[in-house]
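Heads up, the thing below is written out as structure tokens.
The values are calculated or read from the model by the stated rules, or taken from the named source; none is laboratory data. Since the structure is predicted, the reported quantities are computational estimates derived from the model, not experimental observations. Ideal geometry is used to build each Cβ from the backbone, glycine not excepted, and the neighbour counts take in all protein chains shown.
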Number of protein chains: 2
Amino acid sequence: MTVDGVINKEAELSQLEALEAACRSRIKEHKKNGDKVAEKSQLEELKEVMRRKKELLGPKKKGENAEGTEEKAKDDVKSFTLKTPKGTKDYDEKDMAIREQIFSTITSIFKRHGAITIDTPVFELKEILAGKYGEDSKLIYDLEDQGGEKCSLRYDLTVPFARYLAENKISNLKRYHIAKVYRRDQPAMNRGRMREFYQCDFDIAGVYDPMVPDAEALRVMAEILKGLDVGEFTIKVNHRKILDGMFEVCGVPSDKIRTISSAVDKLDKMLWADVKKEMVDEKGLAEEVADRIGEYVKLKGSKELCEKLAADTGLSGNANATAGIADMRLLLNYLEVFNVLPHISFDLSLARGLDYYTGVIYEAVINDSPSVQNGEQVGVGSVAAGGRYDDLVGMFSGNKKIPCVGVSIGVERVFALLSSRRDRASIKSNATEVYVIGLGEGFLEERMRICSELWDAGVKAEYMFKKKPRSLQVQFDVCDKEQIPLAIIVGGKEIEAGVVKIRKMVKEEASSGDKEVTVPRTGLVEAVEQKLQELR
Amino acid sequence: MTVDGVINKEAELSQLEALEAACRSRIKEHKKNGDKVAEKSQLEELKEVMRRKKELLGPKKKGENAEGTEEKAKDDVKSFTLKTPKGTKDYDEKDMAIREQIFSTITSIFKRHGAITIDTPVFELKEILAGKYGEDSKLIYDLEDQGGEKCSLRYDLTVPFARYLAENKISNLKRYHIAKVYRRDQPAMNRGRMREFYQCDFDIAGVYDPMVPDAEALRVMAEILKGLDVGEFTIKVNHRKILDGMFEVCGVPSDKIRTISSAVDKLDKMLWADVKKEMVDEKGLAEEVADRIGEYVKLKGSKELCEKLAADTGLSGNANATAGIADMRLLLNYLEVFNVLPHISFDLSLARGLDYYTGVIYEAVINDSPSVQNGEQVGVGSVAAGGRYDDLVGMFSGNKKIPCVGVSIGVERVFALLSSRRDRASIKSNATEVYVIGLGEGFLEERMRICSELWDAGVKAEYMFKKKPRSLQVQFDVCDKEQIPLAIIVGGKEIEAGVVKIRKMVKEEASSGDKEVTVPRTGLVEAVEQKLQELR
């Protein structure tokens, strides 16, 4: 929302101009480095910026002719845009009620598995984040250099966790962390892709027997998705070593493995034909190598796929692939014990973008929210993801390696999903149980005194902040609007008689016989507590 | 903590060099602007930086001679400092247990008063924060300009709240917000002064009868301080209009009122003689004017002080003072109804630094934590504060004025206080109720199966991530260390007999008769639930 359309346009224009400058400087840099792919993608972005700028300037010029003077006057009074920064949003009380319910479900499951929680600062030293996110590092927010240390907003909760373990020389820990992270990505707010968003992470650090903590991370993921009631879901699982082995067997040159893996990672959003094109045309892979990869990444299944891969003449001779298949066999066995296997799809097309994964990787998708492109299923993105990262802590601790495995819940997507299902009007966003109502002259101090007694007893109570409320009805209206179940009514007659009235305000109760009772003023708190007990 | 002392030194040196450069450039700027006070204070800081640099470089030179080669080698491996940014800290699981208890107490009281909660982004457009914090604006963290909008980390939760109200055209709301805010202040970590810290805010927006919401904000403050059990406390209360009137009556020129008010605000940390010196020597106030102020700011009391001020020949003729005194009389009356008056000190020396306050202002201090300087009491800072700010929303909404009043709990200081009182070893930071223990061969899958059943029933359970744990004892040790009250024990004999053992692990229970029972494997979950019920 903006103060007015005119000011909005000016702010947007200056934004576009900043974007334009940034694009042009990046294009220059890519050209210098000979990075044709990046240069081309940046050129596309520049075109879009120029198009929006033209669009914006068109009508503006006209407007200036018609009402230029008025605009100038408004501009003098306030020249700021009344909005949150791009890619961020406010959560109102109804949003928060939904969000708190989500967090409470997730937290209780994390605790059920014995996790403790820690908190780390929202920004880290810039050098801590450097070199951890591959191509995505460009999305990191930096703080301005105002003298002192160079800092960046955290991009995830995993790298700060690794830093925490190394700094405090902790060699095993099961921790959860629910906090905001920051990415300068192109936002898609309605689908829950934002620049500021919550992550809910559960990680297990320590040297343990193979696949045991991995199985628990996946069990936690499945428990949460069931607990949040997001609908039927599938957890795709793969193994970085199987991927690496597969690329080796297919004949991908070792210096191209990371970039080809990035291309495979796009298979949930792009068709194979387009991914192949990227591999061959942009990344210079031989077409027959791409075709061999194409055969493997089609494969998905469960325990039987382990056997099929173990019997594959190519993979069975590759050390990486063999190790990965052994892990997967053990993992799927444990997941069967954990009753999670029905949700699992061992899927060779899953690659995950982040650099730091070293073993099992996974990603959960909701089954009934696919978008379809040219007859082929193209997912809308994952609601939870994670994997094993055995070398990340070592990047901070030097020689000491602390293996880790974890899962992160993409709670904004879950929020978008659950939020769209709820009737907002029916959400009670306050906790108020009792509204203290004054008749006639209002009796402000008596209402205050009653609230004070109720608060002392822990009862959630409110009253109207007016010496003399306009009418009884305006006070009843508050009860309706705020879904407050009980009203206490005081007036001159009641005060004289040393009593108060307690009335049930909930609609289904209002019709029943004991809608309103009169109780002695001295026994008010006990009477209210009893009525609340009845309503629970 | 740092990777090692040598690297630590180098990182610190580069920090000091950055600080030195920043100091020098600020000194140049202050000189240009003719701001002698700022220049002098910056010079002091530069001296300190140079002293630390010299100190650091001294021993370093010696070290290089002795073991220069080794240092060089280490430096090649990793050249970063393993720490959180200055003024920030990690919270470990014990800290978090204390913090969650504090937040839960505060949240329940906010909800008891009918407040809803909202959330706003951690950064705002820079222009939103501009011009709201007076001299403290220099402490705002800016984000680097990476193309797009200019943003700053929020400095408090009040300005974002005002922006939220204006943007969404909300004219009344009772909301709480618990979130982190950011200030580039000189940290004093052990006293809870940090660059990243939580605020817990409760605010009431809307046009209501005078002093009614103000009284509730103060009642909330008192309930929280009682609820947190911080010890005896005093809430100092004053009124901006009384202060303004007093300055007018004493003869402070109108263009000096804000700066003289800032000087008065330092009275909780400085002696009157020093504050007077600042007024006269630095701010150019006539000495007799300062002396007149000195007489007023000594005054403190309760309801009787209202009458004394009303009878004051100077103040009674001043419109501002008269309006402020009328408000205070009403407020103290309401606070008496709310049973809060015994905690209140109407204190004319309270000024509060922030620009946006327009009416009642207040600040709570703990009575038994004074530090004494030259025989006069000098407080350690407030644990909660707030006031009325009627014009802040209007700065965003243009013509529409939405009066507000609020309170903010300085939870880091409360944390520092409560944390110092607790025995850390006794804090249970996980929620685990049951540990599933394997005898002999370990029986990993059976332990997994049992946990799976317990998790399905919502029981908080863990097991050791080893196929074959080293011994029974290492598993018992985990129960002790993690304060887990129940153990389930499975071994070959138990599996054969179709039973499991349940053992109470809590020390006081361990001596009682029913320390261990054997139950059928099929009835395990029910038996565990019953045992847990007994332990509660």
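What to note about this one:
- Matching entry among A:ASP229, A:ASP185, A:ASP214, A:ASP209 (being buried (at least 21 other Cβ atoms within 10 Å of the Cβ) and charged (D, E, K, R)): A:ASP214
- In the stretch B:326-343, the residue that is farthest from the chain's Cα centre (by Cα) out of those that are more than 13 Å from chain A (Cβ to nearest Cβ) and farther than 28 Å from B:LYS401 by Cβ is B:PRO342.
- Residues of the stretch A:444-466 that are surrounded by fewer than 18 Cβ atoms within 10 Å (Cβ to Cβ) and within 23 Å of B:PRO403 (Cα to Cα): A:GLU445, A:LYS466.
Each row is one residue, and each column tells you yes or no for (1) facing another protein chain (nearest Cβ under 9 Å); (2) in contact with an Asp or Glu (Cβ under 6 Å, 6 or more places away or on another chain).
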site	(1), (2)
B:ARG413	no, no
B:ALA416	no, no
B:ASP423	no, no
B:LEU439	no, no
B:ARG449	yes, no
B:SER452	yes, no
B:LYS467	yes, yes
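- Meets criteria (touching a residue at least 40 places away in the same chain (Cβ under 8 Å), among the aliphatic types (A, V, I, L, M) and farther than 27 Å from B:LEU330 by Cβ) for A:LEU454: no
- Residue check, B:SER171 more than 10 Å from chain A (Cβ to nearest Cβ) and over 25 Å from B:SER104 (Cβ atoms): yes
- Residues of the stretch A:235-260 satisfying the condition of being of a type outside the set (Lys, Arg) and surrounded by fewer than 18 Cβ atoms within 10 Å (Cβ to Cβ): A:GLY251, A:PRO253, A:SER254, A:ASP255, A:ILE257
- Matching residues, the stretch B:426-437, being more than 8 Å from chain A (Cβ to nearest Cβ) and either within 19 Å of B:LYS501 (Cβ to Cβ) or in contact with a strand residue (DSSP E or B) (Cβ under 9 Å, 6 or more places away or on another chain) (or both): B:GLU433, B:VAL434, B:TYR435, B:VAL436, B:ILE437
- Selection status of A:VAL499, more than 30 Å from B:GLY227 (Cβ to Cβ), touching a helix residue (DSSP H, G or I) at 6+ places or on another chain (Cβ under 8 Å), more than 14 Å from every other protein chain (Cβ to nearest Cβ) and surrounded by fewer than 21 Cβ atoms within 10 Å (Cβ to Cβ): yes
- Across the stretch B:174-185, the number of residues qualifying as facing chain A (nearest Cβ under 9 Å) and under 14 Å from the mean Cα position of the chain (by Cα) comes to 2.
- Qualifying residue in the stretch A:249-268 (condition: more than 29 Å from the chain's Cα centre (by Cα), assigned by TED's automatic domain parsing to the domain that holds A:ASP347, at pLDDT below 95 and basic (Lys, Arg)): yes
- Answer residue from the stretch B:138-161, given it is over 24 Å from B:ALA205 (Cβ atoms) and in contact (Cβ under 8 Å) with a residue 12 or more places away in the chain and is surrounded by the most Cβ atoms within 10 Å (Cβ to Cβ) among those: B:CYS151
- Total residues in the stretch A:295-315 satisfying the condition of being under 28 Å from B:LYS466 (Cα atoms), free of Cβ contacts under 8 Å to residues at least 60 places away in the same chain and either assigned by TED's automatic domain parsing to the domain that holds A:MET221 or in a helix (DSSP H, G or I) (or both): the figure is 6.
- The residues listed here are A:GLU288, A:GLU376, A:GLU336, A:GLU363; of these, the one that is modelled with pLDDT of 95 or more and surrounded by fewer than 16 Cβ atoms within 10 Å (Cβ to Cβ) is A:GLU288.
- Output for the stretch B:120-135, where each listed residue is in contact with a strand residue (DSSP E or B) (Cβ under 9 Å, 6 or more places away or on another chain), closer than 24 Å to B:ARG193 by Cα and crowded, with 20+ Cβ neighbours inside 10 Å: B:THR120, B:PRO121, B:VAL122, B:PHE123, B:GLU124, B:LEU129
- When the stretch B:112-161 is filtered for residues that are more than 7 Å from every other protein chain (Cβ to nearest Cβ), hydroxyl-bearing (Ser, Thr, Tyr) and over 30 Å from B:GLU216 (Cβ atoms), the ones remaining, listed by number, are B:SER137, B:SER152.
- Qualifying residue in the stretch A:124-136 (condition: under 20 Å from the mean Cα position of the chain (by Cα) and of a type in the set (Lys, Arg)): no
- From the list B:THR81, B:THR105, B:THR117, the lone residue that is of a type in the set (Val, Ile, Thr) and at pLDDT below 95 is B:THR81.
- Flag not set for A:VAL490, criterion: touching a Cys at 6+ places or on another chain (Cβ under 7 Å), surrounded by 12 or more Cβ atoms within 10 Å (Cβ to Cβ) and of a type in the set (Val, Ile, Thr).
- Residue ID - farthest from A:TRP455 (Cα to Cα), chosen from residues in the stretch B:323-340 that are touching a Gly at 6+ places or on another chain (Cβ under 9 Å) and hydrophobic (A, V, I, L, M, F, W, C): B:ALA323
- For the stretch B:492-531, the set of residues classified as in a helix (DSSP H, G or I) and either at pLDDT below 90 or not assigned by TED's automatic domain parsing to the domain that holds B:GLY458 (or both) consists of B:LYS507, B:GLU508, B:GLU509, B:ALA510, listed by residue number.
One line per residue, one yes/no per condition, for (1) among the aliphatic types (A, V, I, L, M); (2) more than 14 Å from chain B (Cβ to nearest Cβ); (3) out of contact with any Pro (no Cβ under 8 Å at 6 or more places or on another chain):
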| site | (1), (2), (3) |
| --- | --- |
| A:ALA217 | yes, no, yes |
| A:VAL230 | yes, yes, yes |
| A:MET246 | yes, yes, yes |
| A:ILE257 | yes, yes, yes |
| A:MET270 | yes, yes, yes |
| A:GLU282 | no, yes, yes |
| A:ALA286 | yes, yes, yes |
| A:ASP291 | no, yes, yes |
| A:LYS303 | no, yes, yes |
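- A:ALA179 vs. criteria among the aliphatic types (A, V, I, L, M) and either modelled with pLDDT of 95 or more or not assigned by TED's automatic domain parsing to the domain that holds A:ASP214 (or both): yes
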